[in-house]
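For reference, the structure discussed in these notes is given below.
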Amino acid sequence: MLTFLIRRLFTAIPTLVLISLIIFLLLDLAPGDPLADQPLSIPPDVRQKMRDALGLDSPAYIRYLLWAKQFFWVEPLVFVDWVTGTGFSEGMQRIVSWQFRAPVFDIIIQRLPQTLWVVGLAYLVGVLIALPIGIISAYRQYSWFDQVGTFVSMIGFSVPPFFSGVLMIVFFAIMLPWFPSIYDTTLVVNDFESFGQQIRQMTLPVMVLALQTTAQLSRFMRASMLDNLNHDYVRTARAKGMTEKVVLLVHVLRNSMIPVVTVIALGIPSIFGGAIITEQIFKVNGLGQLLITAIYANDLPMVQTLAFIFAVLIVLCNLIADMLYGLLDPRIRYD
Amino acid sequence: MTDAPIAVAVPADTSGRSQWWDVWDQFKTHKGALFGAAVFLFIVLAVTLGPLLWTIEPTFIDIRARNSGPMWAHPFGTDQLGRDILARMMAGGQVSIAVGLTAMLISVLLGTLIGVVAGFFRKLDGALMGLTDLFLALPLLPLLLVMVMLFRETLARSFGPEMGTFILIVSAIGVTSWMQTARIVRGEVLALKEREFVLAARSIGTPSRRMILRHILPNVLSPIMVSATLGIATAIITESALSFLGLGFPPDFPTWGRLLFDAVDYLQQYPERVFWPGLAISLTVLSVNYIGDGLRDALDPRIRGR
Amino acid sequence: MKLKTLLMGAVAAMAIAPVAHAERGTDGDVKIIYWQAPSILNPYLSGGTKDIEASSLVVEPLARFNEKGELVPYLVDEIPTVENGGVSADLTSITWKLKEGILWSDGTPVTSADVKFTADYCMAPDGGCAQSAKFDNVESIETPDERTIIVKFDSPKPVPYAAFVGGQSPVIQAAQFKDCLGAKAQECTAANFGPIGTGPFVVTDFKPNDVITMEANENYRDPAKPAFATLTFKGGGDAASAGRAVMETGEFDYAWNLQLAPEVIAQMAEGGKGTPISGFGTLVERIEMNMTDPSADLPEGERATAKHPHPILSDLRVRKALSMAIDRTLLVEIGYGQAGRPTCNLVPAPEMFASPNTDCIAQDVEGAKALLDEAGWMVGANGVREKDGKKFKLLYQTSTNAVRQDFQALIKQWWSDIGVETELKNIDGSVFFGGDPASPDTFQKFYADVEMYANNFDGTDPEQYLGQYTCEKAPRPETQWQGENVNRYCDPAYDELVAELGKTGEISKRAEIAKKLNEMITKESMTIVPLVDRGRVSAHSNSLGGVVLNTWDSELWNVADWYRIK
């Protein structure tokens, strides 16, 4: 299996390079202009000069190669320097955002904490709630628990966050002033009180996001459990006198996990992608907001870098999912 | 069970007919599924036949009647320009349901096809999963912008502006949302094809096509059903996002997603405005979900036998 | 008894309030929210309103416009004019004199060299300076002593108040930016994120597109100001949530530019924690008529160019009729409420430049129909007018924005009342205003019959603004579809008058010419159909005092005077 892993990692590299090229071409082709948010009172000749200053006049392949060099060579060097205190990257041009004229990676790192706190935690909460709900719903199919679960999760999935987020604010920030409606990214958690504040400001966005994850995942869990509950091996296991708990949580669950693992693995990269709408509503200003503002501002270096990191995570997570298939069902072979 | 007399009545093709009758019989016994089917039918009839009875134009502006609550002339009230919300809900429903179902079908068909092929044929697995990873990684908005830029005018010219936009939207949503289904189906197929019954079928020389259709597909149906149900909700909401960005229907063209989006600003003053589209979307998704549940049970021979 | 004491105390507190806050840094933290987040604090690298206004807390120009559009001195003692000898009689130079004893926030003195450096910085080639139009015609800058700056122009400049005036053109510190000239400007991240300034606040932390924290400037020229010790400037989200945070939950003190339906704002104000305020500037929402044929049947390169006049809109009577069918008062009521007024002018302010033209305010549907009949457009099948077998059908595009889509729906209905069929189209703002020559959906390319957006001008002089409608400024394939004259309006008489405006120094004469130009392009030719003079609505919390909404300069222009009402 280790050889398989190594081989897959190596074949992933050309895939990723190809993906980065396609992302670049797509962004280059997409209509838009990095000066779109500049006021109309700036005359066209000045705009042209601003465009030139961003390096937009050089041909596409040169811009791609420059980005690739910066991403694969300069930025790792900067990281090495940062860790070891050396000076290899001195004087090298890093990937610079057109909106901020600042290194893209500095800003991504700035945005990571709130993204992980809110989107990451919401995902974790969603998964932890969804699995038991899915299991119980399947085991007690058509019980009141299952019916309520189905109802709530389908409504939860049909209601988009642009509505549920505002609804939460109206209820829990305006009518009942329990939680803040705006996330404070400058809050430093260093004592019990600030920790409480952090929990309070995370509650609403985490709730909105977790609802979506829970709804989706519990449906897949339930469906997959139902499929397996009727198999012969379950009957055999019961006949052999195993307790229901063992039958359910060891045998059935393990065999039902393949689609669930797939969905969970697909969701992990999107933690990094952030939650665009929810972040906007609660002003969490994480990576989702960074990506969407960069897209609107046509900040190509930023979009390209974020999209590529996202691609790397997708490839990695799907690879991990593939490995897990083998653990869950040893009959799936790698060769 | 009632299948015996029917099988006798139609002896010519017992294999095909009676199986589907079986499915239908099983489906009928599923209360949730029947209820879901009834609700869905009701919604479809309401949005298609409703406008024949309720003849106010959904885009007609009666400025004096703006922001009115429910009353006889406007049972659902009016919006900020005095347009009748009932008429808009019905017109919007036609579009939303059509877009939701079509986009979902495209996405599920594409996802299933790629998932099954990748899972079943080892040689194609790498390439197809690479493609899936690529589509997952592409930033959605620029991709949509490019699609609109390249295809809008061509489609509008060959199919007329409205049909052209419809095709563009459903294919845009379909093409950007099949990946999850594909990954799930592939995962299931990878496990399935090592199961005894598949190995047995293979050992007697069943051709691949038959194997996929008879043995693999029926067994991956339930995650596909879930994907399909969730896909409708996603497609209805995504459509509103596309139109909002100007990539979809004209701005005065109502759809449920758009009605919901526009009403959010007025959440505190006129909560009923978010209620109707929210309810319609949720009910549609719920009813499709129950239909899916019923279908899944009905198609599962193990349950059907019980 | 107790209540009485309390009341007395409150009265006393009110009475001494102006004294109580007359000390720097005693009022704690003030929280500002902008729903567009600042991405940089250097207005020379980004002209976005959000960036200019955020940086105006830190860096200041020599003079600013106040809420009435009058110039007020900031870093200088007085505004130079011809009368006081500050502007030379031939209008080719202006002499500014810095106030004595002004310090940068790092404690070093501000000198004329800093001012000169600012000009060098913006005029450096390859710098991509967003404000370089402010330095047009500047020939040289002389600094005879530490406090005097003489700006020389290469030709007479009737209005010399562009460079170093207003939020767009503040003075930056030479010492901080000396290595950031030209192409290097893009690399000076630390300076661009935390400029050293003379303003009431200094940056302590800048998180681009998210939040800025600031503290009071120890070296600010008025020792009693600012009243607040720290300032939090949060960005992002949408106008509705920003309004809510100030007026309903009270989490923030000031919310900028609440572009929301009037009833939504009214509802928020009922929250009781804050108050909406509004002011008018020069922003006009208008419909632009395409004078060229945007038909997709024309070959690319000829489509929407002067080669093919518009088949319907080239007729003045048609354009007039389209304007007459619109009820501007109702548009204002629905879209802007107290923050808008109907207008027929492209230049609605300042008063002396605004034409007294109000002909268009009254809706006249019958008159419009008669005009169309006269023009030969007769009502045909389905009530849509036709002429020579051609249907009267227009494509009406604008950017995505809730109010604009409501306007589109209303105007579509009015036009259908006079027999005009309208197809609506909305385009995402980043594409519509993006100017990408490859995209068919930009407002410059104008592949539609009519389009709607809003525009304004910096400062109080409309010369450059009116100069946008000369023949040569039409976007066309040869200019990569760049240019401000999106209508492709072309009238030699207009071009001549614009040239004359550029040579005229006398202010009343200028006003006369500007009015004439405005009328030529609006009521006489109906190339531009102004709809609404759009004000700005912002909101401040009820505990924030000293706010004066200014639409001529940065909204945060007088933040030094803000205080907490106790």
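I'd like the residue in the range B:178-220 that is assigned to a loop (DSSP other than H, G, I, E, B) and touching a helix residue (DSSP H, G or I) at 6+ places or on another chain (Cβ under 8 Å) and, out of all such residues, is surrounded by the most Cβ atoms within 10 Å (Cβ to Cβ). Spell out how you get there, then give the answer.
Applying the first criterion (assigned to a loop (DSSP other than H, G, I, E, B)) to the range B:178-220 yields B:178, B:193-195, B:204-207.
From what is left, the residues that are touching a helix residue (DSSP H, G or I) at 6+ places or on another chain (Cβ under 8 Å) are B:178, B:193, B:206.
Numbers: B:Trp178: 24, B:Lys193: 20, B:Thr206: 15.
It comes out as B:Trp178.
Look at the range C:163-195 and say how many of its residues are touching a strand residue (DSSP E or B) at 6+ places or on another chain (Cβ under 9 Å) and farther than 21 Å from C:Leu556 by Cβ.
Of the residues in that region, 4 qualify.
Kindly check whether there is at least one residue in the range A:157-176 that is touching a residue at least 24 places away in the same chain (Cβ under 8 Å), assigned to a helix (DSSP H, G or I) and more than 30 Å from C:Val211 (Cα to Cα).
For the range A:157-176, residues touching a residue at least 24 places away in the same chain (Cβ under 8 Å), assigned to a helix (DSSP H, G or I) and more than 30 Å from C:Val211 (Cα to Cα): present.
Quick check: is even one residue across the range B:273-288 within 11 Å of chain C (Cβ to nearest Cβ) and either among the polar types (S, T, N, Q) or closer than 30 Å to B:Ser68 by Cβ (or both)?
So the first thing to find is which residues in the range B:273-288 are within 11 Å of chain C (Cβ to nearest Cβ), and the list is none.
Checked against the condition, which is being within 11 Å of chain C (Cβ to nearest Cβ) and either among the polar types (S, T, N, Q) or closer than 30 Å to B:Ser68 by Cβ (or both), the range B:273-288 yields no hits at all.
Name the single residue that is nearest to the other protein chains (Cβ to nearest Cβ) among those in the range A:229-262 being under 30 Å from B:Asp133 (Cα atoms) and open to solvent by 30 Å² or more (accessible area, probe 1.4 Å).
Let us first name the residues in the range A:229-262 that are under 30 Å from B:Asp133 (Cα atoms), namely A:252-262.
Now restrict to residues that are open to solvent by 30 Å² or more (accessible area, probe 1.4 Å): A:253-255, A:257.
Working: A:Leu253: 14, A:Arg254: 11, A:Asn255: 8, A:Met257: 10 Å.
Among those that are under 30 Å from B:Asp133 (Cα atoms) and open to solvent by 30 Å² or more (accessible area, probe 1.4 Å), it is A:Asn255.
Which one is modelled with the lowest pLDDT, of the residues in the range A:278-333 that are more than 10 Å from chain B (Cβ to nearest Cβ) and not in a helix (DSSP H, G or I)?
A:Ala297
Quick check, is C:Asp126 acidic (Asp, Glu), within 23 Å of A:Ala102 (Cβ to Cβ) and more than 14 Å from chain A (Cβ to nearest Cβ)? Before you say what the answer is, go through the steps one by one.
Working: acidic (Asp, Glu): yes; within 23 Å of A:Ala102 (Cβ to Cβ): yes; more than 14 Å from chain A (Cβ to nearest Cβ): no.
Taking the combined requirement at face value, the residue does not satisfy it.
Determine, yes or no, whether A:Val152 is touching a residue at least 40 places away in the same chain (Cβ under 8 Å), under 22 Å from A:Gly126 (Cβ atoms) and within 8 Å of chain B (Cβ to nearest Cβ).
Values: touching a residue at least 40 places away in the same chain (Cβ under 8 Å): yes; under 22 Å from A:Gly126 (Cβ atoms): yes; within 8 Å of chain B (Cβ to nearest Cβ): no.
So A:Val152 fails the test.
Mind checking which residues of the range C:187-207 are at pLDDT below 90 and open to solvent by less than 40 Å² (accessible area, probe 1.4 Å)?
Result: C:Cys188, C:Thr189.
Among helices (runs of 4 or more DSSP H) lying entirely in the range A:31-135, which contain 3 or more residues that are closer than 30 Å to A:Phe282 by Cβ?
Numbers: elements: A:44-53, A:60-69, A:75-84, A:104-115.
It comes to A:104-115.
Given the criterion open to solvent by less than 20 Å² (accessible area, probe 1.4 Å) and over 23 Å from the mean Cα position of the chain (by Cα), identify the matching residue among B:Gly92, B:Gly111, B:Gly82. Reasoning before the result, please.
Numbers: B:Gly92 fails: over 23 Å from the mean Cα position of the chain (by Cα); B:Gly111 fails: over 23 Å from the mean Cα position of the chain (by Cα).
One residue alone meets the criteria, B:Gly82.
Can you tell me which residues in the range B:239-268 are touching a residue at least 40 places away in the same chain (Cβ under 8 Å) and open to solvent by 40 Å² or more (accessible area, probe 1.4 Å)?
B:Phe253, B:Asp262
When both residues are 6+ apart or on different chains and their Cβ atoms are under 7 Å apart, which pairs have a first residue that lies in the range B:130-155 and is at the interface with chain A (Cβ under 9 Å from one of its Cβ atoms) and assigned to a helix (DSSP H, G or I), and a second that is surrounded by 20 or more Cβ atoms within 10 Å (Cβ to Cβ) and among the basic types (Lys, Arg)?
Pairs that qualify, where the first residue is at the interface with chain A (Cβ under 9 Å from one of its Cβ atoms) and assigned to a helix (DSSP H, G or I) and the partner is surrounded by 20 or more Cβ atoms within 10 Å (Cβ to Cβ) and among the basic types (Lys, Arg), are B:Thr132/B:Arg183.
Being of a type in the set (Val, Ile, Thr), modelled with pLDDT of 90 or more and assigned to a loop (DSSP other than H, G, I, E, B) narrows it down to one of C:Ile287, C:Ile312, so name that one.
The conditions single out C:Ile312.
Counting only residues that are within 11 Å of chain C (Cβ to nearest Cβ) and among the small types (Gly, Ala, Ser), how many does the range A:42-90 have?
So the answer is 2.
Could you check the range C:263-296 and list, in sequence order, the residues that are within 14 Å of chain B (Cβ to nearest Cβ) and either under 30 Å from C:Thr527 (Cβ atoms) or among the charged types (D, E, K, R) (or both)?
Scanning the range C:263-296 gives C:Glu263, C:Glu270, C:Pro294, C:Ser295, C:Ala296.
Can you tell me which of C:Glu302, C:Glu366 is in a loop (DSSP other than H, G, I, E, B), over 28 Å from the mean Cα position of the chain (by Cα) and surrounded by fewer than 19 Cβ atoms within 10 Å (Cβ to Cβ)?
On the way: C:Glu366 fails: in a loop (DSSP other than H, G, I, E, B).
Within the list C:Glu302, C:Glu366, the selection yields C:Glu302.
Of the numbered conditions (1) polar (S, T, N, Q); (2) away from chain A (no Cβ under 13 Å); (3) in contact with a Phe, Trp or Tyr (Cβ under 8 Å, 6 or more places away or on another chain), C:Asn209 fails exactly one; give the number of that condition.
(2)
Within the group A:Ser181, A:Ser218, which residue is within 14 Å of chain B (Cβ to nearest Cβ), in contact (Cβ under 8 Å) with a residue 24 or more places away in the chain, open to solvent by less than 20 Å² (accessible area, probe 1.4 Å) and more than 21 Å from A:Ile264 (Cβ to Cβ)? Before you say what the answer is, go through the steps one by one.
Details: A:Ser218 fails: more than 21 Å from A:Ile264 (Cβ to Cβ).
None of the others qualify; the one that does is A:Ser181.
Applying the selection to the range C:48-85, what residues are open to solvent by less than 10 Å² (accessible area, probe 1.4 Å) and assigned to a loop (DSSP other than H, G, I, E, B)?
C:Gly48, C:Ser56, C:Leu57, C:Val58, C:Val59, C:Glu60, C:Pro61, C:Leu62, C:Leu75, C:Pro80
Take the residues in the range B:247-281 that are in contact with a Gly (Cβ under 9 Å, 6 or more places away or on another chain) and of a type in the set (Gly, Ala, Ser); name whichever of them is nearest to C:Met247 (Cα to Cα).
B:Ala263
Quick one: how many residues across the range A:163-175 are more than 11 Å from chain C (Cβ to nearest Cβ) and open to solvent by 20 Å² or more (accessible area, probe 1.4 Å)? Step through it out loud before you land on a result.
The first filter runs over the range A:163-175 and keeps only residues more than 11 Å from chain C (Cβ to nearest Cβ), leaving A:163-164, A:167-168, A:171.
If we keep only those that are open to solvent by 20 Å² or more (accessible area, probe 1.4 Å) too, we end up with A:163, A:167-168, A:171.
Within the range A:163-175, residues that are more than 11 Å from chain C (Cβ to nearest Cβ) and open to solvent by 20 Å² or more (accessible area, probe 1.4 Å) number 4.
Go through (1) of a type in the set (D, E, K, R); (2) without any contact (Cβ under 8 Å) to a residue 40 or more places away in the chain; (3) touching a Pro at 6+ places or on another chain (Cβ under 7 Å) for C:Glu248 and report which single condition fails.
(3)
Taking the range C:86-142 only, how many residues are free of Cβ contacts under 8 Å to residues at least 24 places away in the same chain, assigned to a loop (DSSP other than H, G, I, E, B) and of a type in the set (Gly, Ala, Ser)?
Looking only at that region, the number is 3.
Taking the range B:179-199, which residues are out of contact with any Lys or Arg (no Cβ under 9 Å at 6 or more places or on another chain) and closer than 18 Å to A:Tyr233 by Cβ?
Within the range B:179-199, B:Glu188, B:Leu192, B:Glu196, B:Phe197, B:Val198 meet the criteria.
Quick check on A:Val104: is it surrounded by 22 or more Cβ atoms within 10 Å (Cβ to Cβ) and either out of contact with any Phe, Trp or Tyr (no Cβ under 8 Å at 6 or more places or on another chain) or in contact (Cβ under 8 Å) with a residue 24 or more places away in the chain (or both)? Don't jump to the end; show me each part of the working.
On the way: surrounded by 22 or more Cβ atoms within 10 Å (Cβ to Cβ): yes; either out of contact with any Phe, Trp or Tyr (no Cβ under 8 Å at 6 or more places or on another chain) or in contact (Cβ under 8 Å) with a residue 24 or more places away in the chain (or both): yes.
Taking the combined requirement at face value, the residue satisfies it.
Please count how many residues of the range B:23-39 are among the β-branched types (Val, Ile, Thr) and at pLDDT below 80. Walk me through how you get there before you give the answer.
Pass one, the range B:23-39, residues among the β-branched types (Val, Ile, Thr): B:23, B:29, B:39.
Checking the rest, the ones that are also at pLDDT below 80 come to B:23.
Of the residues in that region, 1 qualify.
If you go through the range C:195-248, how many residues are in a strand (DSSP E or B) and of a type outside the set (Ser, Thr, Tyr)?
Within the range C:195-248, the first condition is being in a strand (DSSP E or B), and the residues that meet it are C:201-207, C:211-216, C:230-235.
Restricting the remaining residues to those that are of a type outside the set (Ser, Thr, Tyr) gives C:201-203, C:205-207, C:211-212, C:214-216, C:231, C:233-235.
Of the residues in that region, 15 qualify.
The values are calculated or read from the model by the stated rules, or taken from the named source; none is laboratory data. All figures in this text were calculated on a predicted structure; none of them were measured in a lab. Virtual Cβ from ideal backbone geometry, glycine too; neighbours counted across all protein chains shown. Quick note on the areas: whole protein, heavy atoms, side chains included, nothing else; ligands and nucleic acids left out. Shrake-Rupley method; radii C 1.70, N 1.55, O 1.52, S 1.80 Å.
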